[in-house]
Amino acid sequence: MALQREGFAEVEKAVRGVLRDVLGLSEARVAAFDESTPLFGALPELDSLAVAGVLTELEDRLAILIEDDEVDGDMLESFGALTRFAADKALR
Amino acid sequence: MIDWYDWSGGREAMLRFGPATGPVVLVALPLFEEANRTRTFAAALMRLLAGRGIASALPDLPGTGESLTQIEETTLSEMRAAMGAAVDHLGARRVHACGIRSGALLDPHAFVRARWHFSPVEGEVLMTELLRIAQAGKSSPASDDAPMLVGGNLLTAAMVAELKAATTDADPGPLRIVRLDSDPRPADRKVPGVPLWRRAEPGHDPALAALLADDIAAWVRACEG
């Protein structure tokens, strides 16, 4: 349990880093993201093309594979939802 | 300065920096949209190399930059052949290839002293990324064996087939791989920095450029022995 929590923090850090690097957001801005921070539809930087970049970069950094039919509005709805999706993949 | 080189299909421009003698670092930008996102960075890297006494060249390839050939008229093999012609133009014994991202797919068939790759990506992975981008703006899924429009570049079925099979490690010979420290894939060195090729707006990372210029300069000098 303790191990998994540790892994989750790593994944969350990776998701934060990907959003910062791909969308060109400031360190301070992504540091303020929490579980409920809305993403798709709320961040103007996150258009459908940028989504492709975010997903691909997440795949690279977490060594996971995201299938296209797994990508929907729900997983991109909030920072918490995206992090949970990535953690489910990476910590399997 | 602007130089030119001839390949079997025509003449292309080549941007050159640094001294007229000694080794030349031949830079291959990533293919397609990522080229636009990394050109400023690559040019900065070349100026920094010149400051370290090392010459470099950045050729337009068929279908890129100022080339009169359209992207849909060309193939990966033709781009590789043009890269080979650029190597001949510079003098094969002097050339060290520097492939950025999918630019690393362009050099295996060119005869060079040594190769240096930054965050290289295999053809199959590149195709997966391109398909995802092509689908981002569409309701119907793209097929991977038909002509594909990706960010304004029309890729023919022949180009798609070649890309899928392309690898960065086809040839033996000295090769150094550098990646960002956020990238878990194996490398000779990991460096801090941001993946500029993912940015919708072109960005720059001067600290990363300086670090890579030092790395390339040391690698070239070590290979020249």
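The values are calculated or read from the model by the stated rules, or taken from the named source; none is laboratory data. Note that the coordinates shown come from a computational prediction; the quantities given were computed from them, not determined experimentally. With ideal geometry, Cβ positions are generated from the backbone for all residues, glycine too; neighbour counts draw on all protein chains shown. In case anyone asks, the SASA skips ligands and DNA or RNA and just uses the protein heavy atoms, side chains included. Shrake-Rupley method; radii C 1.70, N 1.55, O 1.52, S 1.80 Å.
Points to keep in mind about this one:
- Overall, the accessible surface of the range B:87-202 at a probe of 1.4 angstrom is composed of carbon and sulfur to the extent of 55 percent.
- Interface size B-A, as summed buried accessible area [1.4 Å probe, Å², nearest 100]: 1400 Å²
- Neighbouring partner chain Cβ atoms per residue of B:196-209, average, 10 Å criterion: 3
- Peptide packing for B:44-51, B:184-191, B:150-157 was compared via the average number of neighbouring C-beta atoms within 10 Å per residue; ordered from the highest value, the list is B:44-51, B:150-157, B:184-191.
- A crude spin-label estimate for the pair B:GLU124 and B:GLU72, with each label 7 Å from Cα along the Cβ direction, gives 3.0 nm.
- For the range B:32-49, the Karplus equation 6.51 cos²θ - 1.76 cosθ + 1.60, evaluated at θ = phi - 60°, returns couplings of 6, 4, 4, 4, 5, 7, 10, 4, 4, 4, 5, 5, 5, 4, 5, 5, 5, 5 Hz by residue, with Gly and Pro reported as x.
- Rounded if a/c under 1.5, otherwise prolate or oblate - the range B:38-132, Cα gyration tensor axes: prolate
- Close amide-amide hydrogen proximity is noted between B:TRP7 and B:GLU12, each under 5 Å apart and 5 or more residues distant or on a separate chain (H modeled in the peptide plane; Pro and chain starts excluded).
- Helix-only CD estimate at 222 nm, as mean residue ellipticity for the protein assembly as shown, using -39500 (n - 2.57) per DSSP H run (n ≥ 4): -13500 deg cm²/dmol
- Only the Cβ atoms of Lys and Arg (+1) and of Asp and Glu (-1) were treated as charged; on that basis the dipole of the protein assembly as shown about its Cα centre amounts to roughly 1320 debye.
- Ranking A:VAL11, B:LEU149, A:ALA42 by Cα position along the charge dipole of the protein assembly as shown, where only Lys, Arg, Asp and Glu carry charges on their C-beta atoms, puts A:VAL11 farthest toward the positive end.
- Using the Cβ of A:LEU62 as centre and a radius below 10 Å, the other residues enclosed give a net charge of -2, where K and R count +1 and D and E count -1.
- Pair B:ALA20, A:GLU77: separation of 7 Å Cα→Cβ label points (nm): 6.7 nm
- Distance (nanometres) between label positions extended 7 Å along Cα→Cβ at B:THR167 and A:LEU65: 1.8 nm
- Over the C-alpha trace of the range A:2-90, radius of gyration and Dmax come out as 12.0, 37 angstrom.
- Under the Karplus curve 6.51 cos²θ - 1.76 cosθ + 1.60, θ = phi - 60°, whole-Hz ³J(HN,Hα) for the range B:118-134, x wherever Gly or Pro sits: 10, 6, x, 10, 6, x, 5, 5, 4, 4, 4, 5, 5, 4, 5, 5, 4
- Cα-based shape type of the range B:81-225, given that a ≥ b ≥ c are square roots of the gyration tensor eigenvalues and the cut on a/c is 1.5: oblate
- Calculated FRET value between B:LEU154 and A:ARG92, using beta carbons and R₀ = 30 Å, to 0.05: 0.20
- For the range B:165-225: rounded, prolate or oblate by the Cα gyration tensor [a/c cutoff 1.5]: oblate
- Dipole in debye (nearest 20) - chain A, about Cα centre, beta carbon charges: Lys, Arg +1; Asp, Glu -1: 420 debye
- Modelled label reach - A:SER48, point 7 Å along Cα→Cβ, the range A:64-92 residues with backbone N closer than 16 Å: A:68-74, A:76
- Accessible surface area normalised per residue over the range A:2-90 is 49 Å², counting heavy atoms of protein chains with a 1.4 Å rolling probe.
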